[in-house]
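Visitor: Have a look at this one.
What follows is calculated from the coordinates using simple rules that are stated; it is not laboratory data. Source: prediction; values computed, not measured. Virtual Cβ from ideal backbone geometry, glycine too; neighbours counted across all protein chains shown.
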Amino acid sequence: MAELSVAMCTFNGAQYIREQLDSIASQTRLPDELIVCDDCSTDGTVEIVKNFAAGAGFPVRFSINEKKLGSTKNFEKAIGLCTGGMIALSDQDDVWLPEKLRLIEAVLVNSPTTGAVFTDAEVVDACLRPLGYRLWEAKNFSSSAQKKVTHGKAVEVLLKRNVVTGATMAFREKFRGLILPIPEGWVHDAWIALLVAAQADLAFICQALIKYRQHDRQQLGARKNSFVEQLSVSRRTDANNYVHQLNNFTAAQERLLSGSTGYNRDAISLLEAKIGHLTVRGNMTGPKLRRLPTVIKELCTLRYHRFSYGWKSAIKDLLGETL
């Protein structure tokens, strides 16, 4: 069994993928295998990967999907094909710093209770020019949230917001049975981080170990929105958003309860509280005065502060807007 696998997903990535592949080949700790799953690319991605594989200093296993799966299901497939005891995830358009895999492996090797590790990243533009902020700033992974993760409260942090970006993450293969399959509605990195954190410690490396490229064609990014932009997004949130979140977190709860390795009671309790909070917010209708007792009661439970954005969310629920 290979020790360290890298799972990469590709789709029409010809413009940037060679730089990412070269950065993997330049690691001070080379992967024992690179799994690449292509999601029906129509540009030159396939040829670039095949040419790279022919000269790589490690095994490259390349699979082309018969039909388009989408990003999350493609990652699900790539993870399923890995044979390593540790699995690092890779996007197609970033650039890894040379020490990334070595430092990530060191955390997992030296900390047997750690199930997954993730790092910070330097956010760059399409030409790899720094945009002046780090990924954790965009994710709002604050010092207080970092302390919670360090003290074993990663699930609580992740139930408020996902702070883990897949391109910076690696996890132990033993959790693959718990993680797969990934339910519809979830983005792969948020799902993996939450489920692993419910079963083991989550660790992080404060160094920016990848250049996280922002460009017009990427599916998800790390834009640092202004307050006005955040407010605009919050106002577009409707009841369907609560239904979506309820479905997601209910699926996570069910997966943990059905796991063969048992479940963490604290994690289940937190999920129940999160689901309860979403249910209350989703059912809040009618005039402001009718909503006021419900908002006050929910504030008293502290769930606004634990799972949403505190007073800001409470005020927006009272005014008929959501955050």
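Visitor: Give, in nm to one decimal, the length gained when the segment between C127 and S142 is fully stretched (0.36 nm per residue of separation minus the Cα-Cα distance).
Guide: This chain segment gains 2.6 nm when fully extended.
Visitor: Hey, another quick one. Excluding W186 itself, what net charge comes from residues whose Cβ is under 12 Å from its Cβ, given Lys and Arg +1 and Asp and Glu -1?
Guide: Net of charged neighbours comes to -1.
Visitor: Using the 10 angstrom Cβ neighbour count as an exposure proxy, how do T165, T45, T294 rank, fewest first?
Guide: Placing the least packed residue first, the sequence is T294, T45, T165.
Visitor: Just the projected area, averaged over all directions, of the convex hull on the alpha carbon atoms of the chain: how many nm²?
Guide: 16.7
Visitor: What dipole magnitude, in Debye to the nearest 20, does the chain give about its Cα centre under +1 on Lys/Arg Cβ and -1 on Asp/Glu Cβ?
Guide: Dipole size: approximately 1360 debye.
Visitor: What is the set of long-range amide H partners of F204 at a cut-off below 5 Å, with H atoms built 1.01 Å from backbone N?
Guide: F118
Visitor: Starting from the 7 Å offset along Cα-to-Cβ, what nm value, one decimal, do you get for the label separation of C40 and S63?
Guide: Result: 1.7 nm between the two label points.
Visitor: Now, a different point. Once you've got the GNM for the chain with C-alpha springs shorter than 10 Å, pick whichever of G276, G85, G55 has the biggest mean-square fluctuation.
Guide: Sorting by GNM fluctuation, first place goes to G55.
Visitor: Next up: Set the Förster radius R0 to 22 Å, insert the Cβ-Cβ distance between E272 and L299 as r into 1/(1 + (r/R0)^6), and round the FRET efficiency to 0.05.
Guide: In this case the efficiency is close to 0.70.
Visitor: May I ask you to derive the FRET efficiency for Q207 and R290 from their Cβ-Cβ distance with R0 = 35 Å, giving the value to the nearest 0.05?
Guide: Computed FRET efficiency for Q207 and R290 comes out at 0.10.
Visitor: What ranking of I268, I296, I17, I182 emerges when the number of other C-beta atoms within 10 Å of each C-beta is taken as an exposure proxy, fewest first?
Guide: I296, I268, I182, I17
Visitor: Below 8 Å between Cα atoms, with a sequence gap of 6+, how large is the relative contact order for the chain in percent?
Guide: Taking the mean separation of contacting Cα pairs over the length of the chain, I get 17 percent.
Visitor: Could you give the length gained on full extension between L81 and T279, defined as 0.36 nm per residue of separation minus the Cα-Cα distance, in nm?
Guide: 67.5 nm
Visitor: Counting each DSSP H run of 4 or more residues in the chain as -39500 (n - 2.57), what helix-only mean residue ellipticity at 222 nm follows after dividing by all residues, to the nearest 500 deg cm²/dmol?
Guide: About -13500 deg cm²/dmol.
Visitor: Also, I was wondering about something else. Listing S143, S63, S313 from the residue with the fewest other Cβ atoms within 10 Å to the one with the most, what is the order?
Guide: In increasing order of surrounding Cβ atoms, one gets S143, S63, S313.
Visitor: Report, by chain and number, residues whose modeled amide H sits under 5 Å from the one on Y212, excluding near sequence neighbours (fewer than 5 apart, same chain).
Guide: The list, which skips near neighbours in sequence, is E122, V123, V124.
Visitor: In nm, give the distance between the simple-model label positions of E99 and Y309, each being 7 Å from the Cα along the Cα-to-Cβ direction.
Guide: Result: 3.5 nm between the two label points.
Visitor: Based on alpha-carbon centroids, what's the gap between the range 248-323 and the range 1-79 in Å, whole number please?
Guide: Here the answer is 39 Å between Cα centres.
Visitor: Could you tally the net charge around P98, taking each other residue with its Cβ under 15 Å from the Cβ of P98, Lys/Arg +1 and Asp/Glu -1?
Guide: Once all neighbours under 15 Å are counted, the net charge is -2.
Visitor: Provide the per-residue ³J(HN,Hα) series for the range 37-54, in order, calculated from phi with Karplus coefficients 6.51, -1.76, 1.60 and θ = phi - 60°, each as a whole number of Hz, with x at glycine and proline positions.
Guide: 10, 9, 9, 6, 5, 10, 9, x, 4, 4, 5, 5, 5, 5, 5, 5, 4, 5
Visitor: So, one more: First select every other residue whose beta carbon is under 13 angstrom from the beta carbon of F62; then total the charges, Lys and Arg +1, Asp and Glu -1.
Guide: -1
Visitor: Which residues' amide hydrogens lie under 5 Å from the amide hydrogen of D43, considering only partners 5 or more residues apart or on another chain, with H built in the peptide plane?
Guide: Sorted by chain and number, the residues that satisfy this are N12.
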